[in-house]
Structure formats: C-alpha cells, structure tokens
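Report on the structure given below.
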Amino acid sequence: MTAPLLPASGEFHSDRIHRLPVRVYYEDTDFSGIVYHARYLHFFERGRTESLRALGIHHSELAAQEDALAFAVRRMNVEFVRAAKVDDILVVETLYKPQKGARLMIGQRILRGDEVIAEADVQAVCIDGGGRAKRPPKSMAAKWADYVVQPD
C-alpha cells in the first residue's frame, strides 16, 4: 500500500526559519499575470499555519478543546518589493521573534530564489473562544521556544 499524498508542509532549518515552497497559479494573478497584492497575505498565512503545524500546533485541535483557542492577526506591516508572476516558485519564510504577553511576533519573507518579493512583520494574538486576548498556554509556548530568533 502506498502512503497517502500530503500537501506541502515545508520545514524548519537549522537557522530556525520555517520554509514553505508555493507555486503561483493563474488564480493568484491579476489580468496582467502579476500576483495580486492581497494574494501575498494568503501565502503569508499558509507559511504561519504550516510552521505551527510543524511544531505540533493545529488550528482544528485548538478550536476543538474545551477552552478553545485561536490566533488572530492584530497587526501586519507588509512591504512589497518585487512582483511575482504566474508559474513562479516562491518560498515563504517564517521566523518567530520573542513573544510579548498574548502577542506572537513573527517575521516573514517571500522569496523567488534569492530575490525578496515581499516582507511582513506580523503581530498575532492568541484569543479565547470569546475573542479575548489570552496568553498562550505554557505547553504551547514551549513548542515554539526553541525556534524563537533573538533580535540582533
């Protein structure tokens, strides 16, 4: 019996950065064949989700537990540096910065080879079932602790 096919999940490297390869499809582009600006937010979201999944943190499990938890983006600053085009193969890099209370600080980049396409500084908040900010449980924070990159 063959193993089931699984979607790309990326992986953490020794530099503590999670890398997720994505291909640009026609549906990601505007009429000119260039990636529509809002689609980069989708790529960034996939990078964050897959990096958490690689750490053993699954959104569906967080939502299903008795004290339901979720993540919400509180702030995102994006710099669009270059244009990506249909059929480009991009890599979404995700790195975790030191946590601040309920806030998870994340740096992300989208690359085409060595070229930076877009960069984002993200502030996500752990929230409870009522939508109120809540510190992540220690067991959850421990899962990403080894992957936090300290500022220079």
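The values are calculated or read from the model by the stated rules, or taken from the named source; none is laboratory data. This one's a predicted model, so the numbers in the text were calculated from it and none came from an experiment. Every residue, glycine as well, gets a Cβ built from its backbone with ideal geometry; the counts of neighbours run over all protein chains shown. Areas reflect the complete protein model, heavy atoms only, side chains present, ligands, DNA and RNA absent. Shrake-Rupley method; radii C 1.70, N 1.55, O 1.52, S 1.80 Å.
Probing with 1.4 Å while keeping every protein chain in the model, the per residue accessible area of segment 19-119 equals 55 Å².
Using the Cα centre of the chain as the reference point, and only Cβ charges (+1 on K/R, -1 on D/E), how large is the resulting charge dipole? Debye, rounded to the nearest 20.
Details: 21 positive and 21 negative charges, 114 e Å.
Value, rounded to 20: 540 debye.
How high is the relative contact order of the chain, in percent, counting Cα pairs under 8 Å that sit 6 or more residues apart?
Values: 280 pairs, mean separation 38.3, N = 152.
Relative contact order for the chain comes out at 25 percent.
How much FRET efficiency would the formula 1/(1 + (r/R0)^6) give for SER139 and ALA102, where r is the Cβ-Cβ distance and R0 is 25 Å, rounded to 0.05? The pair SER139/ALA102 has a calculated efficiency of 0.95.
Report the rotationally averaged projected area of segment 59-103 based on its alpha-carbon convex hull, in square nanometres. Walk me through the intermediate numbers first.
On the way: hull surface 22.1 nm².
Taking a quarter of the hull surface, the average projection is 5.5 nm².
Efficiency by 1/(1 + (r/R0)^6): what FRET value for ALA72 and MET1, r their Cβ-Cβ distance, R0 = 35 Å, to the nearest 0.05?
The calculated FRET efficiency here is 0.30.
Stretching SER32 away from GLU115 to a fully extended chain increases their span by 27.8 nm, per 0.36 nm per residue minus the current alpha-carbon distance. Placing unit charges on the Cβ atoms of the charged side chains and taking the dipole of the chain about its Cα centre, the candidate lying farthest along the positive direction among ALA8, TYR40, ILE106 is ILE106. Note: relative contact order over segment 98-152, using C-alpha pairs below 8 Å and six or more positions apart, is 31 percent. The string of couplings for segment 28-44 from the Karplus curve (6.51, -1.76, 1.60, θ = phi - 60°) is 7, 10, 8, 4, 8, x, 9, 4, 5, 3, 5, 5, 4, 5, 5, 4, 4 Hz, one whole number per residue in order, with x for Gly and Pro. Per-atom-type breakdown for segment 29-152 gives carbon and sulfur 49% of the accessible area (1.4 Å probe, protein chains only). Charging the Cβ of each Asp and Glu at -1 and of each Lys and Arg at +1, and nothing else, the dipole of segment 1-90 about its Cα centre rounds to 240 debye.
What is the sum of charges, Lys and Arg at +1 and Asp and Glu at -1, for the other residues whose Cβ falls under 9 Å from the Cβ of MET105? My count for the surroundings of MET105 gives +2.
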